[in-house]
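Below: the structure, in C-alpha cells.
The values are calculated or read from the model by the stated rules, or taken from the named source; none is laboratory data. All figures in this text were calculated on a predicted structure; none of them were measured in a lab. All Cβ positions, glycine included, derive from the backbone under ideal geometry; neighbour counts span all protein chains shown. We work out accessible area using only protein heavy atoms, side chains counted, and drop any ligands, DNA or RNA first. Shrake-Rupley method; radii C 1.70, N 1.55, O 1.52, S 1.80 Å.
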Amino acid sequence: MNAPLPQPNPPHLDALNDAQYEAVATLDGPVLVLAGAGTGKTRALTARLAHLIWTRKAWPSQILAVTFTNKAAREMRERVRVLVGNLAEDLWLGTFHAIAAKLLRRHAELVGLKSNFTILDTDDQIRLLKQLMQAEKIDEKRWPPRQILGAIERWKDRGLVPEKVPPDQAGEMAGGLLIRLYAQYQERLRVLNACDFGDLMLHCVTIFTNHPDVLGVYQEKFKYLLVDEYQDTNVVQYLWLRLLAQKQHNICCVGDDDQSIYGWRGAEIGNILRFEQDFPGAKIVRLEQNYRSTPHILAAASALIANNQGRLGKTLWTALDDGEKVRVQGLWDGEAEARQIGDEIEALQRRHHKLSEIAILVRAGFQTREFEERLITLGVPYRVIGGLRFYERAEIRDAIAYLRLVAQPDDDLAFERIINTPRRGLGDSTIQALHRAARGAGVSLTAAARNLITTDELKPAARRSLGQFIQALDRWRDASSVMGPGELAETVLDDSGYTAMWQQDKSPEAPGRLENLKELVSALDEFENLLGFLEHVSLVMERHEETGTDQMVLMTLHGAKGLEFQTVFLPGWEEGLFPHQRALDESGMSGLEEERRLAYVGLTRARERAYISYVANRRIHNQWQSSLPSRFIGELPPEHIELGAEPGLYGSASPSFWPQQRNGGSTAGFAQQVRVIDATAKTVTPRVRTSRFAIGERVFHQKFGYGVVTDMEGERLDVEFEKAGAKKIIDSFVEKAN
C-alpha cells in the first residue's frame with residue numbers, strides 16, 4: 001500500500017498550538033510529552049501518528065503504538081483513520097496485552113508453548129493454584145489462593161520469573177514455599193499450553209532477553225514507538241519498551257506524572273521520572289495550555305500538586321474566563337454532606353444545568369451509599385460508573401441475604417445465596433439433597449435443613465456443618481429482639497465468618513468490600529428495626545435505570561481519570577479518608593504523594609465548578625469519630641477558594657476549619673485561626689479560636705476514655721489516653737474530667 005504524497009498544508013497540523021506542534025513535528029530521537037490534564041494529549045498523539053506517515057518517515061506497519069485500554073486504542077485508530085484513511089489499519093496499534101499476545105503467538109515455542117495457547121481467567125488461575133497448594137499441603141485458610149495469586153502477579157508485573165525472585169521477598173507466605181509454588185504454577189501452565197495475562201508481557205521480555213536475534217527483528221521492524229499514559233506503566237512493560245527502543249531510539253512517550261494514580265496495581269511513577277536518564281538526549285515537551293477548566297480551578301489544582309516532590313513540573317494555564325472560585329464547604333456529618341450536595345444539584349437543575357454534566361467523585365466506594373439514598377429521595381436520576389450501585393454490590397447482597405434469612409426463615413433465595421458463603425463444606429450433593437427434601441415435604445430449605453440434620457441422609461461432616469448454621473440462625477433470630485439493626489448485622493457478619501473471609505482475602509478489592517460492609521452497618525443504625533431496613537432496601541432496589549434519560553454521574557476518583565464534567569463535587573476531604581489512611585500506612589510519603597495526585601485528578605475533571613466538602617463527624621467502623629479536614633485543603637491557595645461552613649461547626653458561628661500552609665512540604669500542624677465567610681462582602685476574615693482546655697488537664701472521650709492534654713493547637717488537642725495511647729482530638733469531642 002502506497003503512502004500518500006506530502007501535501008503543502010497537511011490537515012493534521014491544523015489547530016495545533018505551539019507545544020502540540022513541537023510534540024508532533026519532533027519525530028526523531030526519544031521524546032517525552034508531558035501532557036497536563038485537558039491539554040489535548042490525544043489530538044497531539046494521533047497527529048504525530050499521521051505525521052509519521054505523511055512525511056514518509058515510516059510505513060504504517062513500521063509504527064508501534066500502545067495504549068492501556070481497548071477504548072483508547074479504538075478511539076486513536078478512528079482518529080488516525082480520519083487523517084490518513086485505510087492506512088490506519090496497518091498500524092500496530094493496541095493495548096500492551098493485545099500487542100504482546102500477537103507477538104507471543106509468533107514465538108510461543110521459545111517459552112515452551114504452542115501458538116494456540118489459551119489465556120486463563122482468574123477463576124481458572126485460582127483453580128490451578130488450589131490444586132498445587134493441596135499437593136503441597138498448604139493450608140488454604142491460612143494462605144488464601146487469591147493472596148498467593150496476588151503475590152505471583154506482582155512478581156510478573158516486575159518482570160521476575162521464578163528463578164529471578166530474591167529469596168527474601170517471599171517471606172513466610174505459603175509456609176515459605178511461595179517461590180516453589182510460583183515455579184510449579186508456571187510449569188503447570190506450560191503443560192496445559194496456557195498462560196495468564198501477566199505472562200503475555202513476561203514471556204515477551206523473556207524471549208527478547210534470551211533470543212537477541214528475535215529482538216533484532218522487531219527492533220528493525222518498529223522504527224517508531226508511541227506510548228500513551230506512560231506514567232501508568234509497570235516494570236515489565238517498561239522493560240519491554242526499552243528493549244524494543246534500544247536500536248532506533250525513536251520512542252515517544254506521552255503521559256502526566258501528576259496523574260499517576262495506580263501505584264496500588266503496579267504502576268511505577270519512576271518510569272516517567274527517569275525518562276531522561278533512560279534515554280539520553282531526550283527532548284521534553286510540556287503541554288500546558290488547558291482547554292477544559294477555568295483559571296480558578298487550574299490555580300487550585302496547580303498549587304495543590306506543587307507540594308509533591310516526585311514530579312517533573314509544569315504549570316497549566318488557560319485563556320478561559322476566571323469563572324467561579326473553588327468552593328470549600330464544612331459540614332457536620334455525612335448526612336448533612338449528602339443533603340447539601342443534593343440541594344446544590346437541585347439548584348443547578350433549576351438553572352437548566354444538564355445532569356449528565358454533574359459528577360460526584362468519591363475517594364472510597366462506601367461513600368456512595370448516602371449520596372445514592374439522597375438522590376433517590378430527591379428523585380434525581382443518576383448512574384454509577386465503574387461499579388455497581390451500593391445495594392447491588394456482591395458483598396452487600398450477601399450481607400442482606402443473611403439479614404433476610406434472619407427476618408424470614410423461609411426465604412429460599414437468601415438461603416441459597418449464603419449457605420456456602422463463606423465455604424462451610426456443603427457441596428453440590430448436600431444442596432441437591434436439601435432441594436429434594438424441601439420439594440418432597442413442601443417446606444422451605446431452612447425447614448428441610450432442620451429435618452436433615454436429625455437423619456443419616458447426609459455425610460457426618462456436612463450434617464455437622466449444616467447443624468451449626470441452623471443453630472447460628474436461631475441464635476441471630478433471638479438476638480434480633482434485643483439488638484439494634486446495626487449491632488445485629490455486625491454480629492451476624494462476624495459470627496458467620498463473612499467478615500473474616502474478606503479480611504483474609506488479599507485481592508485489591510477486599511479492603512473496599514470491607515469498607516462497604518461497615519457502611520452497611522452504619523446504614524442499618526438509621527432504622528428502628530430490621531424489617532424497616534429490608535423494606536427500604538427493596539424499594540431502593542426496585543429503582544430501574546432509565547436509559548436515554550439525563551442522569552448525573554456517581555463514581556470513584558480512580559474511575560474518573562480521563563473524564564470531564566461541567567460541575568464536580570468532591571466530598572470526604574478528611575484526614576484518614578482522603579488522604580486514605582491505608583495509603584499512608586502502607587506506602588508512607590510515596591502513598592501521600594499518590595493521594596495528592598488523586599486529588600489533583602479530581603479537581604481537573606471540572607470545567608466550570610468544583611465543590612470540595614468535608615465533615616466534622618463521620619461514622620467509621622460503626623462508631624462516630626471526629627474528623628480533621630484533609631491536609632490537601634490547607635494546600636489550596638486562599639485567593640482561588642471560597643470557604644463556607646454550617647453554623648456551629650467546630651464551635652464557631654460559621655467557620656471553616658482551615659489548615660495552614662505547610663512549611664517545606666511538612667504535614668505537621670494546623671492553624672489556630674478559623675476563617676469565616678462574610679455573606680455580604682464575600683471576603684475571608686480570620687477569627688482566633690482558643691480552646692477551653694489547658695495543657696495538663698484531665699479529659700474524658702466517649703470512645704478513648706480518660707486522658708491528659710499534652711499539647712494543643714487551636715481546636716486540636718493532643719491527648720495521652722490511659723488505655724488508647726496518644727490521639728489527636730477536636731476539643732468539642734472531649735469533656736473535662738471530674
Of all residues in the range 334-344 being touching a residue at least 60 places away in the same chain (Cβ under 8 Å) and open to solvent by 30 Å² or more (accessible area, probe 1.4 Å), which is nearest to V553 (Cα to Cα)?
E344
Which residue is farthest from Q504 (Cα to Cα), if the candidates are limited to the range 133-143 and must be under 31 Å from the mean Cα position of the chain (by Cα) and open to solvent by 20 Å² or more (accessible area, probe 1.4 Å)?
D139
From the options A399, A347, residue that is among the small types (G, A, S), part of a helix (DSSP H, G or I) and open to solvent by 10 Å² or more (accessible area, probe 1.4 Å):
A347
Residue, most open to solvent (accessible area, probe 1.4 Å), within the range 507-516, restricted to residues that are part of a helix (DSSP H, G or I) and touching a helix residue (DSSP H, G or I) at 6+ places or on another chain (Cβ under 6 Å):
R513
Those residues that are small (G, A, S) and in a helix (DSSP H, G or I), I need them from the range 52-75; list them, please.
S61, A72, A73
Going by what's in this entry, would L132 be described as touching a strand residue (DSSP E or B) at 6+ places or on another chain (Cβ under 9 Å), aliphatic (A, V, I, L, M), at pLDDT 90 or above and in a helix (DSSP H, G or I)?
no
Filter the range 417-428 for residues that are open to solvent by less than 90 Å² (accessible area, probe 1.4 Å) and touching a residue at least 12 places away in the same chain (Cβ under 8 Å) and give the result.
I418, I419, T421, P422, R424, G425, L426, G427
Can you tell me how many residues within the range 16-44 are closer than 16 Å to Q289 by Cα, in contact with a helix residue (DSSP H, G or I) (Cβ under 8 Å, 6 or more places away or on another chain) and of a type outside the set (S, T, Y)?
12
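One line per residue, one yes/no per condition, for (1) open to solvent by 40 Å² or more (accessible area, probe 1.4 Å); (2) at positive phi; (3) at pLDDT 95 or above; (4) part of a loop (DSSP other than H, G, I, E, B):
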position: A267; (1), (2), (3), (4): no, no, no, yes
position: E276; (1), (2), (3), (4): yes, no, no, no
position: P280; (1), (2), (3), (4): yes, no, no, yes
position: I297; (1), (2), (3), (4): no, no, yes, no
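One line per residue, one yes/no per condition, for (1) of a type in the set (S, T, Y); (2) in contact with an Asp or Glu (Cβ under 7 Å, 6 or more places away or on another chain):
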residue	(1), (2)
L298	no, no
L312	no, yes
D322	no, no
I345	no, no
A359	no, no
T368	yes, no
Out of all the residues in the range 135-183, which are in contact with a helix residue (DSSP H, G or I) (Cβ under 6 Å, 6 or more places away or on another chain), assigned to a helix (DSSP H, G or I) and of a type in the set (F, W, Y)?
Y182
Hits in the range 449-483 (condition: open to solvent by less than 40 Å² (accessible area, probe 1.4 Å) and either more than 43 Å from the chain's Cα centre (by Cα) or free of Cβ contacts under 8 Å to residues at least 12 places away in the same chain (or both)):
L452, L458
If E370 satisfies every condition in (1) part of a helix (DSSP H, G or I); (2) open to solvent by less than 30 Å² (accessible area, probe 1.4 Å); (3) under 16 Å from W573 (Cα atoms) but one, which is the exception?
(2)
Members of the range 559-580 found to be at pLDDT 90 or above, open to solvent by 10 Å² or more (accessible area, probe 1.4 Å) and not in a loop (DSSP other than H, G, I, E, B), listed by number
F565, Q566, G576, L577, H580
Scanning the range 533-558 for residues that are modelled with pLDDT under 80 and in a helix (DSSP H, G or I) gives E535, H536, V537, S538, L539, V540, M541
Within the range 97-117, is there a residue that is farther than 27 Å from F279 by Cα, open to solvent by 20 Å² or more (accessible area, probe 1.4 Å), part of a helix (DSSP H, G or I) and among the hydrophobic types (A, V, I, L, M, F, W, C)?
yes
Is there any pair with a first residue in the range 381-392 that is buried (at least 19 other Cβ atoms within 10 Å of the Cβ) and a second that is part of a loop (DSSP other than H, G, I, E, B) and at pLDDT 85 or above whose Cβ atoms are under 6 Å apart and which are 6 or more apart or on different chains, and what are they?
Y382/Q551
